[in-house]
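Written out below as structure tokens is the structure these notes cover.
The values are calculated or read from the model by the stated rules, or taken from the named source; none is laboratory data. These numbers come from a predicted model, not from an experiment. A quick note on method: Cβ atoms are made from the backbone with ideal geometry, for glycine too, and the neighbour counts reach across all protein chains shown. Accessible surface areas use protein heavy atoms only, side chains included; no ligands, DNA or RNA. Shrake-Rupley method; radii C 1.70, N 1.55, O 1.52, S 1.80 Å.
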There are 2 protein chains.
Amino acid sequence: MTFSAKLSAAVRAKKTPVLVGIDPRFKSIPECLKTGVSEYDLKGVANVYRTFSFRILDVIAPHVACVKPQLAFFEAVGPYGMLALADVIEYARKLGLVVILDGKRNDIGSTAEGYAAAYLGESSAWKGDALTVSPYLGEDSVLPFVNVAQQNDAGIFVLVKTSNPGGGMLQDLVADGRTIFQHTADWVEKTAAEFAREKGEKYGAVGAVVGATYPEQLAELRKRMPHAWLLVPGFGAQGGTVQDVAHAFDEDGLGAIINNSRGIIFAHARKDYAGKFADSDWEKAVETAVLEMKAQFADFIR
Amino acid sequence: MTFSAKLSAAVRAKKTPVLVGIDPRFKSIPECLKTGVSEYDLKGVANVYRTFSFRILDVIAPHVACVKPQLAFFEAVGPYGMLALADVIEYARKLGLVVILDGKRNDIGSTAEGYAAAYLGESSAWKGDALTVSPYLGEDSVLPFVNVAQQNDAGIFVLVKTSNPGGGMLQDLVADGRTIFQHTADWVEKTAAEFAREKGEKYGAVGAVVGATYPEQLAELRKRMPHAWLLVPGFGAQGGTVQDVAHAFDEDGLGAIINNSRGIIFAHARKDYAGKFADSDWEKAVETAVLEMKAQFADFIR
């Protein structure tokens, strides 16, 4: 089954576009999971990340279709972190979740193939369903990812319009009457449409990252890339609301997944939950947050 | 000592701008190192990468100032590859080499800090002297790398004009009278100049990646970024020549390091060396190639 078919089926089955970002940060993890572990003990921290991630996956797997582990936080604790990441990916897939690896990788030619093999390939140690990819190096740097993804029923999400305030430095510049992010979007659409046509599906294996924090551009980019799944970061802690992302979806309520990381995995520390959950009740906080977010999108999937 | 002072001293000491790229690819590694190891045995492959890299480092350390391990190839063999990478970095630094990690990482805010901590931070498991960084996400995605680098006497090299044929897709677009790569270059120069002034040094902690395959742009970018070290890929196997990179240097022959990966580490298989080196003589081929490249730049450092 192609990646887009897999993602559509999973989103329909769970009836929600909610994507949970797995971004372990030592300082934000509930105290009860860190007893006796120093932040300088990388092996200890990696074990905490594994436990924390597994327990989050147990809580959210019945409710959502997909998760997005952020590679940077696992890499930050070194090789032990990368071993924990492999376990987290494997466990998430075992629970039936679609796993999107947020690595924002990019390089040229055979080096790009190396990254694609690492995260999407047949004998990959961190076998994910999809990987985020940066486009600065151009077409011949992204195509090796596309090829490996298509051959392995996996997907990629190319950074188009990111959610951060400074993203416009290059992305918003206008060349030949189009912004840089529109240039990137047009390349994504062309590539996604080709594979979608070939497979007789609505969406291709190449999607786009478009931030919830730029709702007008998000609506425009939905129309501009009818064959691309959108991965939408910036919801919740970064300020994006349901109204902001309402135009990210197609007429069936598909075509977009809305990421929330901190607002769900560190829900025990949310200001709007103050006094509601004890540290040891952090899993209840996670479940409450995921169900609340799910409720906000309750009538989206048709 | 700042990164740029460290790099200047190392280049002067070895009297060469040659940078050796450590890009292990299983298929290209000498047969005598792979006996009994299958390409699907990731632990076995990682061990081959460690041995191969260590022996290259032994050969080249007396001759060159710096090396550039390519993270993608180590990641491609999973967590064991990342353990091998840690060992290779540690060994290279023990041999007195400046270690530039080619990871082309990028993300926003605290996630960028995660990557910076992973590769340049105080308690980093893969402690390098510098890291390559992609600029697509804009200023607030690169600054966390800059800050961590500056605080740890490390450096970063931002992708400006890459060596691949397709790099122009976004990089060559013209907005407000400047190409995208010039916009990136101007940001690099501003950031590098500020730190250089503060430290009373010629170069800052932020350098730029500019391909040898675009000699005119390389000459222009040297002038445009007087405070940035240039990391120049594309020499040798990708087609760049000594003439192509001649204008990358300042008046002291400093300010640029010229990368060669395949042409040195897989020299035993070079067409122009056909019949010259037995598989088991691969280290002689590596030494011959590095000395030949060094000779081409013999009178550059003043």
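Go through B:Gly236, B:Gly211 for me and flag whichever is in contact with a Lys or Arg (Cβ under 9 Å, 6 or more places away or on another chain), modelled with pLDDT under 95 and either open to solvent by less than 20 Å² (accessible area, probe 1.4 Å) or away from chain A (no Cβ under 14 Å) (or both).
The conditions single out B:Gly236.
As an exercise: evaluate A:Ser53 against (1) out of contact with any Lys or Arg (no Cβ under 9 Å at 6 or more places or on another chain); (2) among the polar types (S, T, N, Q); (3) open to solvent by 10 Å² or more (accessible area, probe 1.4 Å) and give the number of the one condition it does not meet.
(3)
Has the range A:194-202 got any residue that is open to solvent by 20 Å² or more (accessible area, probe 1.4 Å) and either within 12 Å of chain B (Cβ to nearest Cβ) or among the small types (Gly, Ala, Ser) (or both)? Before the answer, list the steps.
As a first pass, look at the range A:194-202 and keep what is open to solvent by 20 Å² or more (accessible area, probe 1.4 Å): A:194, A:197-202.
Those left that are additionally either within 12 Å of chain B (Cβ to nearest Cβ) or among the small types (Gly, Ala, Ser) (or both): A:200.
Yes, the conditions are met somewhere in the range A:194-202.
Kindly list the number of the only condition in (1) touching a Gly at 6+ places or on another chain (Cβ under 7 Å); (2) touching a residue at least 24 places away in the same chain (Cβ under 8 Å); (3) open to solvent by less than 10 Å² (accessible area, probe 1.4 Å) that fails for B:Pro69.
All conditions pass for B:Pro69, except number (1).
If A:Met82 satisfies every condition in (1) in contact with a strand residue (DSSP E or B) (Cβ under 9 Å, 6 or more places away or on another chain); (2) in contact (Cβ under 8 Å) with a residue 40 or more places away in the chain but one, which is the exception?
The number of the failed condition is (1).
State whether one or more residues within the range B:166-186 are part of a loop (DSSP other than H, G, I, E, B), among the polar types (S, T, N, Q) and open to solvent by 10 Å² or more (accessible area, probe 1.4 Å). Please lay out each step first, then the result.
As a first pass, look at the range B:166-186 and keep what is part of a loop (DSSP other than H, G, I, E, B): B:172-173, B:176-177.
Then keep just the ones that are among the polar types (S, T, N, Q); that gives none.
The answer is no; no qualifying residue exists.
Out of the residues in the range A:111-125 meeting the condition of being at the interface with chain B (Cβ under 7 Å from one of its Cβ atoms) and not aliphatic (A, V, I, L, M), tell me which one is nearest to the chain's Cα centre (by Cα).
Across the range A:111-125, the extreme among qualifying residues is A:Tyr115.
Which ones in the range B:17-43 are open to solvent by less than 10 Å² (accessible area, probe 1.4 Å) and farther than 18 Å from B:Arg93 by Cα?
Scanning the range B:17-43 gives B:Pro24, B:Ile29, B:Pro30.
Here is a check on your reading of the model: is A:Ala117 part of a helix (DSSP H, G or I) and either among the hydrophobic types (A, V, I, L, M, F, W, C) or open to solvent by 20 Å² or more (accessible area, probe 1.4 Å) (or both)? Before you say what the answer is, go through the steps one by one.
Details: part of a helix (DSSP H, G or I): yes; either among the hydrophobic types (A, V, I, L, M, F, W, C) or open to solvent by 20 Å² or more (accessible area, probe 1.4 Å) (or both): yes.
So A:Ala117 fits the description; yes.
Take the range B:121-146 and flag every residue that is open to solvent by 10 Å² or more (accessible area, probe 1.4 Å), not in a loop (DSSP other than H, G, I, E, B) and not aliphatic (A, V, I, L, M).
B:Glu139, B:Asp140, B:Pro144
So is A:Lys161 of a type in the set (D, E, K, R), open to solvent by 10 Å² or more (accessible area, probe 1.4 Å) and under 15 Å from the mean Cα position of the chain (by Cα) or not?
So A:Lys161 does not fit the description; no.
Going by what's in this entry, would B:Ser163 be described as closer than 25 Å to B:Arg55 by Cα, at the interface with another protein chain (Cβ under 9 Å from one of its Cβ atoms), polar (S, T, N, Q) and not in a helix (DSSP H, G or I)?
On the way: closer than 25 Å to B:Arg55 by Cα: no; at the interface with another protein chain (Cβ under 9 Å from one of its Cβ atoms): yes; polar (S, T, N, Q): yes; not in a helix (DSSP H, G or I): yes.
Spelling it out, it is not the case that B:Ser163 is closer than 25 Å to B:Arg55 by Cα, at the interface with another protein chain (Cβ under 9 Å from one of its Cβ atoms), polar (S, T, N, Q) and not in a helix (DSSP H, G or I).
Please name all residue pairs, on different chains or six or more residues apart, with Cβ atoms under 8 Å, provided the first residue is in the range A:253-270 and is over 18 Å from A:Phe297 (Cα atoms) and touching a residue at least 12 places away in the same chain (Cβ under 8 Å) and the second residue is polar (S, T, N, Q) and open to solvent by 10 Å² or more (accessible area, probe 1.4 Å).
Short answer, once both residue conditions are applied: A:Arg262/A:Ser28; A:Phe266/A:Ser28; A:Ala267/A:Thr288; A:Ala269/A:Ser28.
Quick one: B:Ala154 ticks every box in (1) surrounded by fewer than 24 Cβ atoms within 10 Å (Cβ to Cβ); (2) of a type outside the set (D, E, K, R); (3) more than 21 Å from A:Asp107 (Cα to Cα) bar one, so which box is it?
Tallying (1) surrounded by fewer than 24 Cβ atoms within 10 Å (Cβ to Cβ); (2) of a type outside the set (D, E, K, R); (3) more than 21 Å from A:Asp107 (Cα to Cα), B:Ala154 fails exactly one: (1).
Among the candidates A:Ala46, A:Ala5, single out the residue that is out of contact with any Asp or Glu (no Cβ under 9 Å at 6 or more places or on another chain), of a type in the set (Gly, Ala, Ser) and at pLDDT 95 or above.
Details: A:Ala5 fails: out of contact with any Asp or Glu (no Cβ under 9 Å at 6 or more places or on another chain).
Going through A:Ala46, A:Ala5 in turn, the sole match is A:Ala46.
Is there any pair linking a residue in the range A:15-31 that is in contact (Cβ under 8 Å) with a residue 24 or more places away in the chain to one that is aromatic (Phe, Trp, Tyr) and part of a loop (DSSP other than H, G, I, E, B), with Cβ under 6 Å and at least six apart or on different chains, and which?
Taking only residues 6 or more apart or on different chains, the pairs are A:Thr16/A:Phe297; A:Pro17/A:Phe297; A:Ser28/A:Phe266.
Could you run through the range B:259-301 and say how many residues are small (Gly, Ala, Ser), assigned to a helix (DSSP H, G or I) and over 19 Å from the mean Cα position of the chain (by Cα)?
Taking the range B:259-301 and keeping what is small (Gly, Ala, Ser), we get B:261, B:263, B:267, B:269, B:274-275, B:278, B:280, B:285, B:289, B:295, B:298.
The next check asks that each one be assigned to a helix (DSSP H, G or I); those that pass are B:263, B:267, B:269, B:280, B:285, B:289, B:295.
Retained after the next criterion (residues that are over 19 Å from the mean Cα position of the chain (by Cα)): B:269, B:280, B:285, B:295.
So the answer is 4.
Kindly indicate which of A:Ile89, A:Ile108 is within 17 Å of the chain's Cα centre (by Cα) and surrounded by 17 or more Cβ atoms within 10 Å (Cβ to Cβ). Full working, then the answer.
Working: A:Ile108 fails: within 17 Å of the chain's Cα centre (by Cα).
Selected residue: A:Ile89, the only one of A:Ile89, A:Ile108 that is within 17 Å of the chain's Cα centre (by Cα) and surrounded by 17 or more Cβ atoms within 10 Å (Cβ to Cβ).
Quick test for you: out of A:Lys27, A:Lys104, pick the one residue that is within 26 Å of A:Ala205 (Cβ to Cβ), within 11 Å of chain B (Cβ to nearest Cβ) and either in a helix (DSSP H, G or I) or basic (Lys, Arg) (or both). Walk me through how you get there before you give the answer.
Numbers: A:Lys27 fails: within 26 Å of A:Ala205 (Cβ to Cβ).
When all the criteria are applied, what remains is A:Lys104.
Please state which one of A:Glu39, A:Glu90 is assigned to a loop (DSSP other than H, G, I, E, B) and either within 30 Å of B:Tyr40 (Cβ to Cβ) or touching a residue at least 12 places away in the same chain (Cβ under 8 Å) (or both). First the steps, then the outcome.
Working: A:Glu90 fails: assigned to a loop (DSSP other than H, G, I, E, B).
Exactly one of A:Glu39, A:Glu90 is assigned to a loop (DSSP other than H, G, I, E, B) and either within 30 Å of B:Tyr40 (Cβ to Cβ) or touching a residue at least 12 places away in the same chain (Cβ under 8 Å) (or both), namely A:Glu39.
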